[in-house]
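S.K.: Okay, handing you the structure first.
The values are calculated or read from the model by the stated rules, or taken from the named source; none is laboratory data. For clarity, every value in this text was computed on a predicted model and none was experimentally measured. In this analysis, Cβ positions are derived from the backbone assuming ideal geometry, glycine residues included, and neighbour counts consider all displayed protein chains. Areas reflect the complete protein model, heavy atoms only, side chains present, ligands, DNA and RNA absent. Shrake-Rupley method; radii C 1.70, N 1.55, O 1.52, S 1.80 Å.
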Amino acid sequence: MEKIPFDGSTLSGGLDTSIVNYVASKQTETLKSVTVGLEGSEMKDLEYAREVSKLLDTDNHVRTFDFEGAKEVAEDVVRIMQSFDPMEIRNSIPIYVAMEEAKKRGMTRVLTGDAGDELFAGYSFLYELPRGKLEEKLEEITEIMGFSSAPIAEDLGIKAEHPFLEEEFKRFAMDLDPELKVSRYDNKKIGKWILRKAYENYLPDEIIWRKKTPIEKGSGTTTLPEKFESEIEDTYFESKSKEIREEDGVKIRSPEQLFYYEIYRKLYGPPEPEDPDARTCSHCGINVPDDATFCRTCGNGIGS
């Protein structure tokens, strides 16, 4: 990370951003960081981030936002990502809020923990795979991985920096024996083993052995589907989704997705395939790669 210029960092209190903040704090007098959370949710990240910031003596800025704020940010996120995939938008809303706050605080090159899970097998669905399958799946994941922090930061006029994706470090991670990535702790399988062991003497146990928490859960945006269901009446959703299906050929799966789709449609019109003869998504009609397992535009799982 010494080669990466930076003047701030995101901090969720998860393993990856905590490691990044630990290393960065040794390279600057006072590291500025940003933590975000959705009001009315548990906002678990705030608790862990506060602990890490206190330990490292960093200047941590906490930004919370409410449901109305999330909806406002969603308009920008849909525009930037050109997507109405609920999972993508839900995950990217806190990232937008964090990058926006970073810019407000004068940060221009912001460190993230992106790619730690992809390179070091942080996802639970990888734990039970046999060695050969694990290597194969990790290679597949690293080939298709992408992070919304980069386009979001660019749109805001700043830059997201990804220490885990430095070429030398990325090669090191990809060449590691999978047994150094998945091992056991407290009689349970756990990913990112080598990262945890490398920093266990520098960060608290509750951070080192913290279970993987998706950004939507840690920040609280996992509550958005329920909030949209409460706000959008069933009769409106049913009639509107039927209208969209008939007019645009798009299948809307939830009130949350309906909200995002209406933003998308206003910006880009109904999704249309560039090549109707090539593979298309059955839910929105957009072209998808032959080896894709989900549609990046609407989020539909389409199999391989």
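S.K.: Cα axis of helix 15-25 to longest principal axis of the chain: angle in degrees, 0 to 90, nearest 10?
M.R.: 50 degrees
S.K.: Need one number: the % of Cα-Cα pairs in segment 233-303 sitting beyond the 20 Å mark. Intermediate values should be presented prior to the final figure.
M.R.: Working: 694 of 2485 pairs.
Tail of P(r) above 20 Å: 28 percent of Cα pairs.
S.K.: With a probe of 1.4 Å, find how much accessible area segment 6-220 has per residue, and write the answer as a whole number in Å². The partial results should precede the final answer.
M.R.: Values: 10050 Å² over 215 residues.
For segment 6-220, the per-residue accessible area is 47 Å².
S.K.: If you don't mind, there's one more thing I want to ask. In nm, to one decimal, how far is the F125 label point from the E154 one, both placed 7 Å along Cα→Cβ?
M.R.: Inter-label distance under the simple model: 2.7 nm.
S.K.: Can you give me the Cα centroid spacing of segment 5-61 and segment 261-282 in angstrom?
M.R.: 38 Å
S.K.: Oh, and also: Roughly how compact is the chain, stated as its Cα Rg over 2.2 N^0.38 Å to two decimals? Show your work: numbers first, answer last.
M.R.: Numbers: Rg = 20.0 Å, N = 304, 2.2 N^0.38 = 19.3 Å.
In units of the 2.2 N^0.38 Å rule of thumb, it is 1.04.
S.K.: Just subtract the alpha-carbon distance of E29 and L55 from 0.36 nm times their residue separation and send over the number in nm, one decimal.
M.R.: Values: separation 26, 0.36 × 26 = 9.36 nm, distance 1.44 nm.
Taking 0.36 nm per residue and subtracting the Cα distance, the gain is 7.9 nm.
S.K.: Rounded to the nearest 20 debye, what is the charge dipole size of the chain about its Cα centre when +1 sits on each Lys and Arg Cβ and -1 on each Asp and Glu Cβ?
M.R.: On the way: 41 positive and 61 negative charges, 181 e Å.
Computed charge dipole of the chain: roughly 860 debye.
S.K.: Follow-up question, since we're still on this one. Considering only protein heavy atoms, what per residue accessible area in square angstrom results for segment 233-303 with a 1.4 angstrom probe? Mind showing how you got there, number by number?
M.R.: On the way: 4140 Å² over 71 residues.
Here the residues of segment 233-303 average 58 Å² of exposed surface.
S.K.: Carbon and sulfur atoms: what percent of the 1.4 Å accessible area of segment 41-166 do they account for?
M.R.: Details: 2530 of 5660 Å².
Its accessible area is 45 percent carbon and sulfur atoms.
S.K.: Divide by every residue of the chain the summed helix terms, -39500 (n - 2.57) for each DSSP H run of at least 4, and state the resulting mean residue ellipticity at 222 nm, rounded to the nearest 500 deg cm²/dmol.
M.R.: Details: 14 runs with 145 residues, N = 304.
My calculation for the chain gives -14000 deg cm²/dmol from helical runs alone.
S.K.: Let me ask something additional. Quick query: amide H of N60 versus all other amide H atoms, modeled in the peptide plane; which residues come in under 5 Å with a sequence gap of 5 or more or a different chain?
M.R.: For N60, whose amide H was placed from the backbone, the distant partners under 5 Å are S33.
S.K.: Please list, in order along segment 83-91, the HN-Hα scalar couplings obtained from phi with the Karplus expression 6.51 cos²θ - 1.76 cosθ + 1.60 (θ = phi - 60°), rounded to whole Hz, x for Gly and Pro.
M.R.: 8, 10, 5, x, 5, 4, 5, 4, 6
S.K.: Tally the DSSP beta bridges in the chain and give the antiparallel ones as a percent, rounded to 5.
M.R.: 25 percent
S.K.: Going Cα to Cα from K211, which aspartates and glutamates come in below 13 Å? Please leave out same-chain ones fewer than 8 positions away.
M.R.: Qualifying aspartates and glutamates at Cα under 13 Å: D16, D45, D117, D186.
S.K.: Relative contact order for the chain: what percent, with Cα pairs under 8 Å and sequence separation of 6 or more?
M.R.: Details: 470 pairs, mean separation 64.7, N = 304.
After rounding, I find 21 percent.
S.K.: What residue among E272, E101, E247 has the largest mean-square fluctuation in a Gaussian network model of the chain, using Cα springs under 10 Å?
M.R.: Taking springs between Cα atoms under 10 Å, the residue moving most is E247.
S.K.: Taking amide H positions as placed in the peptide plane 1.01 Å from N, state which residues far from L111 in sequence (5 or more) or on other chains have amide H under 5 Å from it.
M.R.: Residues meeting the criterion, in which the H sits 1.01 Å from N, are D7, G8, S9, T10, E161.
S.K.: Sticking with this structure for a sec: I need two numbers for segment 131-264: Rg to one decimal and Dmax as a whole number, Cα atoms only, in Å.
M.R.: Rg then Dmax for segment 131-264, in Å: 20.8, 59.
S.K.: Could you give the nm distance between label points at S230 and K189, where each point is 7 Å from its Cα heading toward the beta carbon?
M.R.: Once both label points are built, they end up 3.8 nm from each other.
S.K.: Next up: Once phi is turned into ³J(HN,Hα) by the Karplus curve 6.51 cos²θ - 1.76 cosθ + 1.60 with θ = phi - 60°, what whole-Hz value does each residue of segment 215-225 show in order, with x for glycine and proline?
M.R.: 4, 5, 7, x, 8, x, 6, 5, 7, 4, x
S.K.: Sticking with this structure for a sec: Pull out the extension gain between R79 and K242, defined as 0.36 nm times the separation in residues minus the alpha carbon to alpha carbon distance; nm, one decimal. Walk me through the numbers on the way to the answer.
M.R.: On the way: separation 163, 0.36 × 163 = 58.68 nm, distance 2.39 nm.
Working it through step by step, the gained length comes to 56.3 nm.
S.K.: Quantify, in whole percent, the carbon and sulfur part of the accessible surface of segment 171-304 (1.4 Å probe; protein heavy atoms only).
M.R.: Values: 3550 of 7870 Å².
That fraction is 45 percent.
S.K.: For the full complex of protein chains and a 1.4 angstrom probe, list M145, M99 by accessible area with the highest value first.
M.R.: Output order, biggest surface exposure first: M145, M99.
S.K.: Roughly what angle does helix 44-56 make with the longest principal axis of the chain, taking Cα atoms, 0 to 90 degrees, to the nearest 10?
M.R.: That works out to roughly 30 degrees.
S.K.: Can you list the HN-Hα couplings for segment 149-160, worked out from phi with the Karplus curve (6.51, -1.76, 1.60; θ = phi - 60°), rounded to whole Hz and with x for Gly and Pro?
M.R.: 4, 5, x, 5, 4, 4, 4, 7, x, 10, 10, 8
S.K.: Now a separate question. Once the Cα atoms of helix 255-268 and of the chain are each reduced to a long axis, what angle between those two axes, in degrees from 0 to 90 to the nearest 10, is obtained?
M.R.: Relative to the chain, helix 255-268 is tipped by roughly 80 degrees.
S.K.: On to the next question. Mind ordering 157-170, 108-121 by average Cβ neighbours within 10 Å, highest first?
M.R.: On the way: 157-170: 17.2, 108-121: 23.6.
Going from most to least packed, we get 108-121, 157-170.
S.K.: Give the separation of the Cα centroids, segment 211-231 to segment 74-92, in Å.
M.R.: 14 Å
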